[in-house]
Structures are given as C-alpha cells and as structure tokens.
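One structure below.
The values are calculated or read from the model by the stated rules, or taken from the named source; none is laboratory data. Here the structure is a predicted model, which means the values were calculated and not measured. Glycine gets a Cβ as well: all are built from the backbone with ideal geometry, and neighbour counts include every protein chain shown.
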Amino acid sequence: MTARPGTSDQVAPGPAPATPRRRRPADRRRLIVDAAAKAFSDGGYHAVRLEDIADAVGISAPALYRHFPNKYALFAETTAVLAASLRAALDAVPEGGDGELRTLLEAMTLASFENRRTGGLYRWESRYLEPEDRAIVLDVVVHQHRRVRAAARRLRPDLGEVDANLVVAAMTSVAASPTTHRASLPAREVTTLIPDAAIDLLDAALPEPAAPREPAGHGLVPSAKREAILTEAVILFADRGFRDVTIEDIAHAADLPASGVYRHFPSKVAILEAAFRRATDRVTTATSDALASSTTPREAIMAMVHRYVQLSCSSTELISVYETEIGHVTPGARAELRGQQRITVEEWATWVGRERRDLPLTHARFLVHAALNVVTDLSRLKPQPAPERIEALSTRILLGDNS
C-alpha cells in the first residue's frame with residue numbers, strides 16, 4: 001500500500017545528506033598564475049586587482065595572499081613561468097641540422113598560439129619588472145634569438161651580422177604574432193602558415209644597411225593647447241608610464257596650469273584615449289591614401305606598407321604607449337579601438353587575398369597581423385633600422401616574394 005501525503009503512513013524524512021566537502025585543488029598556485037597571466041595581459045599590470053584574479057580562480061582574496069604576498073610577486077612569477085615555458089619549448093628542439101630552424105619556429109609559433117591570452121606580458125617586462133626578475137625574461141629572449149640566428153645562418157651562411165640580426169628579429173616577431181590578435185584558424189594551419197612566412201624572410205631582398213639611425217627628436221610641439229597637451233602627454237607616458245604621470249606633470253610640460261589641461265580634457269584617461277584615437281585615425285588615413293594612389297592590389301599592398309612603416313617609425317613613443325598602456329582606457333574606448341584595428345586588418349587582408357588568389361582570407365588575416373607586428377617590433381629597436389628595410393621584410397610576408 002502506498003502512503004499518501006498527510007496520513008500517518010507517511011515516512012518521516014531522514015537527515016539531509018551532508019554537503020560534499022570541497023577539495024582544494026592540488027595545483028591551486030598554478031591556477032592562480034594562469035588566471036593572473038590572462039588578467040595582466042588583457043588589462044595591464046596596474047588595472048588588475050588581486051581580488052579579480054581570486055574571483056577568476058574561485059577562491060577568496062585571503063587564500064590568494066597565502067600564495068603571493070602582493071601583486072608584484074604574482075606578476076613576477078607569472079612572467080617567469082611563461083619565460084620558462086618558452087625556454088622548455090626551445091630546448092626540446094635538437095640543435096644542428098637543416099631542419100632546426102623550421103622546428104624552432106614551429107615550436108615558437110605553437111607556444112604563441114597556445115598562450116594567445118597571455119602574450120601581452122612579454123611586451124611589458126622592461127617597464128614593470130625589477131632588474132633581477134627582468135633578467136630572467138631577458139635571458140630567454142637572448143637565448144631564443146641566438147638559437148634562431150645560428151640555425152638561420154646555417155641555411156644562409158652569406159648573411160652578415162647586421163642582416164642576420166634584423167631577419168631573426170623579424171622571424172621572431174612573426175612567430176609571436178598570434179599573441180597580438182584573436183583571429184580564428186586551426187592550430188595545425190597556424191603552425192604551418194606562420195613558420196613558412198618566417199622562414200621566407202631568409203630570402204627577402206634587403207636594401208643595403210645604412211649607418212645607424214640617430215634617435216629622432218621630439219620636434220616642435222604644436223602651438224594649439226589641445227595638441228600640445230596630447231604631444232607632451234604621450235612623451236611623458238612613454239618615458240615614465242601612464243600611472244606615474246600626473247595632470248600637473250602634463251600641464252608643466254605643455255607650459256600650462258593644471259586648470260588649462262582640464263579645460264580640454266576631463267581626466268588623464270581622456271588624454272590617453274584621445275591620443276589613441278588620433279593614432280587610429282592616422283592609420284585609417286594612411287590606408288585610404290595608399291589605396292587612392294594605387295591601381296592594382298599589389299600596388300595597394302606596397303603603398304599601405306610604405307605608409308604604415310613611415311608612420312610607425314616616426315611615432316615610436318605613441319606605439320610604445322599603445323602597446324603597454326591600453327589597459328588604462330575605459331572598456332568602451334578599448335572596444336572602439338580594437339574594432340577600428342579589425343577594420344584595418346580586414347582591409348589589408350582583402351587586398352592580400354586579391355593579389356594572392358590561392359590564399360584563403362583566414363590565412364591572409366594572420367599574415368597581415370604578422371606583417372604589422374614586424375613593423376611595430378622593428379621600428380622600436382635601438383638603433384632603429386632604416387624604414388626601407390622594415391618595409392622590405394613586412395612586404396615579403398604579405399606578398400610572398402620580393403617586390
């Protein structure tokens with residue numbers, strides 16, 4: 001007979017089952033480091049709070065502090081772990097033999113692709129790491145360059161020291177380029193396409209090396225107050241970092257009272273956003289001018305690269321600030337800037353696809369990002385290579401031959 005609710009035959013409920021005890025993950029420290037790498041790469045060192053990282057891991061802030069006493073300690077370990085991962089990938093490649101270069105570049109590309117959410121950290125180590133911690137990352141960077149250069153010179157023993165260093169810097173930039181964007185492509189295709197483009201730089205026709213270029217001066221500051229504020233702010237941000245520059249510093253550099261700055265910009269973040277918008281406007285204009293002066297897809301690609309290189313080589317401070325400080329702008333402004341960047345990449349990729357009919361558009365996007373990354377990285381070298389040499393390397397990536 002089945003008992004009915006409300007009758008004396010109903011069985012009294014027993015004690016509630018005990019809530020399963022939540023087990024502490026054995027690799028909690030690694031989970032914290034992984035979450036920190038994503039957060040620092042996405043938002044920038046200063047914009048990230050330890051509470052945000054704790055939430056991402058699913059732990060309390062006090063639990064995180066049991067592993068790391070402060071944000072810098074976590075940041076230093078995060079960069080060290082990423083550096084060690086890259087070093088392990090390089091050391092797994094046997095030294096010697098004609099196939100070493102390709103295997104190295106495949107390993108570097110795969111490491112970049114698998115760490116796309118964390119690659120921004122490599123661009124910041126010189127600004128935020130203390131000397132001892134910076135040396136850990138620098139050691140891996142130097143080791144990587146030497147391994148790739150030795151393998152490249154086995155294939156091209158005629159490459160001189162200057163040319164070899166430049167080509168290897170470009171190859172490394174190509175291999176690292178997947179960390180700069182989120183375009184979609186299967187890993188197996190990326191680890192073929194990107195190493196192919198990097199190795200192809202061995203055959204790039206480089207103009208004769210010019211004498212080392214003197215660092216460009218700042219030039220004259222615009223007389224218009226708003227423009228003067230933007231110009232001086234970018235110089236200060238590049239030199240000291242956004243966090244360590246005050247409105248008073250900017251006002252003093254622009255020969256204005258602080259109130260004069262506030263008449264044009266409501267905040268320091270607004271100045272930064274205005275500078276970034278100005279940069280994207282210049283890129284858009286350069287692209288439009290290049291297309292207007294061209295009659296074929298090939299001419300368009302060469303003209304776009306030429307103008308972009310000229311712009312990049314003359315705006316290294318703004319590029320440096322964009323790379324390291326974009327985490328300080330508001331989410332809306334960041335989305336706007338990223339959206340404009342995607343439009344530029346799509347425009348370039350379209351013309352690459354029209355020139356190289358056998359190249360899928362998805363592949364063209366990856367090559368455009370690689371070429372743009374090479375321009376950015378090489379233009380920031382000291383001494384800066386001649387623009388025509390940077391142009392030759394980035395054009396080779398897009399066209400696949402010498403122009």
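At-a-glance table
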| quantity | calculated |
| --- | --- |
| Leading residue by the ranking (surrounded by the fewest Cβ atoms within 10 Å (Cβ to Cβ)) among those in segment 69-97 that are within 18 Å of Arg127 (Cα to Cα) and of a type in the set (Ser, Thr, Tyr) | Tyr72 |
| In segment 254-270, residue surrounded by the most Cβ atoms within 10 Å (Cβ to Cβ) [restricted to those that are in a loop (DSSP other than H, G, I, E, B) and among the hydrophobic types (A, V, I, L, M, F, W, C)] | Ala254 |
| Check on Asp196, surrounded by fewer than 20 Cβ atoms within 10 Å (Cβ to Cβ), under 23 Å from Arg380 (Cα atoms), acidic (Asp, Glu) and at pLDDT 95 or above | no |
| Among the residues listed as Pro387, Pro360, the single one being surrounded by fewer than 22 Cβ atoms within 10 Å (Cβ to Cβ) and in contact (Cβ under 8 Å) with a residue 40 or more places away in the chain | Pro387 |
| Residue in segment 244-253 that is without any contact (Cβ under 8 Å) to a residue 12 or more places away in the chain, under 30 Å from Arg354 (Cβ atoms), under 23 Å from the mean Cα position of the chain (by Cα) and not in a loop (DSSP other than H, G, I, E, B) present | no |
| Helices (runs of 4 or more DSSP H) wholly inside segment 58-115 that include at least 1 residues being under 30 Å from Arg156 (Cα atoms) | 71-91, 100-114 |
| Matching residues, segment 161-179, being farther than 21 Å from Arg87 by Cβ and touching a residue at least 24 places away in the same chain (Cβ under 8 Å) | Val162, Asp163, Leu166, Val167, Ala170 |
| Some residue of segment 333-344 being surrounded by 17 or more Cβ atoms within 10 Å (Cβ to Cβ), touching a helix residue (DSSP H, G or I) at 6+ places or on another chain (Cβ under 7 Å) and outside any helix (DSSP H, G or I) | no |
| For Glu208: the one exception among (1) assigned to a loop (DSSP other than H, G, I, E, B); (2) modelled with pLDDT of 90 or more; (3) of a type outside the set (Lys, Arg) | (2) |
| Failed criterion for Lys382 (all others in (1) over 16 Å from Ala198 (Cβ atoms); (2) assigned to a helix (DSSP H, G or I); (3) touching a residue at least 24 places away in the same chain (Cβ under 8 Å) hold) | (2) |
| Residues being in a loop (DSSP other than H, G, I, E, B) and over 15 Å from Glu208 (Cβ atoms) - total across segment 158-190 | 6 |
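A quick yes/no check of all residues on (1) in contact (Cβ under 8 Å) with a residue 60 or more places away in the chain; (2) among the hydrophobic types (A, V, I, L, M, F, W, C); (3) within 16 Å of Tyr128 (Cα to Cα):
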| residue | (1), (2), (3) |
| --- | --- |
| Ala36 | no, yes, yes |
| Arg49 | no, no, yes |
| Ala54 | no, yes, no |
| Val57 | no, yes, no |
| Pro62 | no, no, no |
| Arg66 | no, no, no |
| Leu74 | no, yes, yes |
| Ala84 | no, yes, no |
| Gly97 | no, no, no |
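Residues checked against (1) farther than 28 Å from Ile326 by Cα; (2) at pLDDT 95 or above; (3) touching a Pro at 6+ places or on another chain (Cβ under 7 Å):
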{"position": "Gly97", "(1), (2), (3)": "yes, no, no"}
{"position": "Phe113", "(1), (2), (3)": "no, no, yes"}
{"position": "Leu129", "(1), (2), (3)": "no, no, no"}
{"position": "Ala151", "(1), (2), (3)": "yes, yes, no"}
